[in-house]
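A short worksheet on the structure shown next.
The values are calculated or read from the model by the stated rules, or taken from the named source; none is laboratory data. As the structure is a computational prediction, the values presented were derived from the model and not from experiment. Cβ placement follows ideal geometry from the backbone for every residue including glycine, while neighbour counts extend to all protein chains displayed.
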Amino acid sequence: MLWTTNLEEKDFYLLEKLKKTGYDGVEIPIFEGKVEHYQKINKVLNDIGLQSTGLSVIQDEEHNPISENINNRKNAVDFLKWSIDCCHALNSSILCGPFHQPLGKFSGNPPTQEEKERGAEVHQNSSDYAKKFNIDLSIEPLNRFECYFLNTVEDTRKYVDLVNRDNFGILYDTFHSNIEEKNPVGSIENAASYINHIHISENDRGTPGKGNIPWKETFSAIKNINYEGWLTIEAFGRALPDLAAATRVWRDFFGSEEEVYEDGYKFIISNL
C-alpha cells in the first residue's frame, strides 16, 4: 500500500524492484476486483520468485461484522469469503488486516459484549472457511483515532479467545502499539502464542529505523517469542487520496518510496 490499494498490470514492475532489493514477498491489498485478477498476480509473483500475503479491510457499514443489522453481518461474511478466495488465488497463507469494523467509524462508547459476540460469529464463520485453504486470519487492532472495536493487544487477545479458532490470530503492528500500549514491547511477549503476523511500521508511518520506535527491544522481543512469520513493512504516502484520508496522512514522511523499501529492508536485515 506504499503505492496502491489495487495492484494492476501497470504496477507489476514494482514487484521486480522488491525482488531485486532482497524481499521474500509482498503484501497484496485485497480491496476490489475479481478472483481471476489475483490469479494473474500470483502467476507474476511465481515468475519473479516472490511469495505474498493478503490484506483486507471493512470499507463500509453495509459490510460491518459487528453491526446489529443481520444483513450487514451476512454481507460481512460474504465479503470475507471473497477476500479469502482472492487470498487463495494468490497462494497466500495469511489474510490480515482490521476486518472487524469500518475504518473511522465510532459509536461514542467502548465496544459492547453484543458487538463482540456478533463479530465473533462472523469471524468464526470466516476462519472455518479459510481453514479449507490452509489460510490463517490475522486481525489487526488499530489506534483509537481509526477505530474503537479493537485498540490494544490485550483486547484483541481476549477477542481471539472468544472467536476460538486455531487459524485466527493477532496482527501486531508497531505503529498502532506505539500509540495504544503502555508497554509496546511487553505486549509482544504477553501475546506470544496469539501473534501470527507482524507489521514493521515507524511511529510516523515513514521509513523503519528513522523514527522513535524502540527497535532494538522490539526485535529482541520478536526473537524471544520464537516468531517465524512475516515481518512486513507498512508505510503510507499521499499518492492515493482515499487511503491518505483513511490513515490520516497529510504530509510526506519520507524522501522517496525507494527510501522506504530499500533502507527499510536493510534496517530489518541488520536487526535479525
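Observations on the model:
- Residue check for Asp85: over 26 Å from Ile179 (Cα atoms), in a helix (DSSP H, G or I) and in contact with a helix residue (DSSP H, G or I) (Cβ under 7 Å, 6 or more places away or on another chain): yes
- Here Asp78 clears all of (1) surrounded by fewer than 22 Cβ atoms within 10 Å (Cβ to Cβ); (2) touching a Phe, Trp or Tyr at 6+ places or on another chain (Cβ under 7 Å) except the condition numbered (2).
- Selection status of Phe253, touching a Gly at 6+ places or on another chain (Cβ under 6 Å), among the aromatic types (Phe, Trp, Tyr), closer than 24 Å to Tyr13 by Cβ and buried (at least 17 other Cβ atoms within 10 Å of the Cβ): yes
- When restricted to residues that are over 15 Å from the mean Cα position of the chain (by Cα) and not β-branched (Val, Ile, Thr), region 140-166 contains 14.
- Filtered residues of region 5-32 (kept if in contact with a helix residue (DSSP H, G or I) (Cβ under 8 Å, 6 or more places away or on another chain) and of a type in the set (Ser, Thr, Tyr)): Thr5, Thr21, Tyr23
- Meets criteria (farther than 21 Å from Leu150 by Cβ, acidic (Asp, Glu) and in contact with a strand residue (DSSP E or B) (Cβ under 9 Å, 6 or more places away or on another chain)) for Asp11: no
- Of all the criteria given as (1) modelled with pLDDT of 95 or more; (2) of a type outside the set (A, V, I, L, M); (3) on the phi > 0 side of the Ramachandran plot; (4) under 18 Å from the mean Cα position of the chain (by Cα), the one not satisfied by Gly104 is (1).
- Inclusion of Tyr23 among residues that are modelled with pLDDT of 95 or more and in a loop (DSSP other than H, G, I, E, B) is warranted.
- Top-ranked residue in region 167-193 [being under 24 Å from Val249 (Cα atoms) and in a strand (DSSP E or B); ranked as nearest to the chain's Cα centre (by Cα)]: Leu171
- Any hit, region 214-229, residues being farther than 30 Å from Asn125 by Cα, without any contact (Cβ under 8 Å) to a residue 40 or more places away in the chain, in contact with an Asp or Glu (Cβ under 9 Å, 6 or more places away or on another chain) and not aliphatic (A, V, I, L, M): yes
- Which numbered condition Asn69 misses (of (1) touching a residue at least 40 places away in the same chain (Cβ under 8 Å); (2) of a type outside the set (Phe, Trp, Tyr); (3) farther than 29 Å from Tyr194 by Cα): (1)
- Considered as a group, the residues in region 111-135 that are of a type in the set (A, V, I, L, M, F, W, C) and not in a loop (DSSP other than H, G, I, E, B) include one that is nearest to Val160 (Cα to Cα), and that residue is Ala120.
- Residue within region 194-202 that is among the small types (Gly, Ala, Ser), in a loop (DSSP other than H, G, I, E, B) and touching a strand residue (DSSP E or B) at 6+ places or on another chain (Cβ under 9 Å) present: yes
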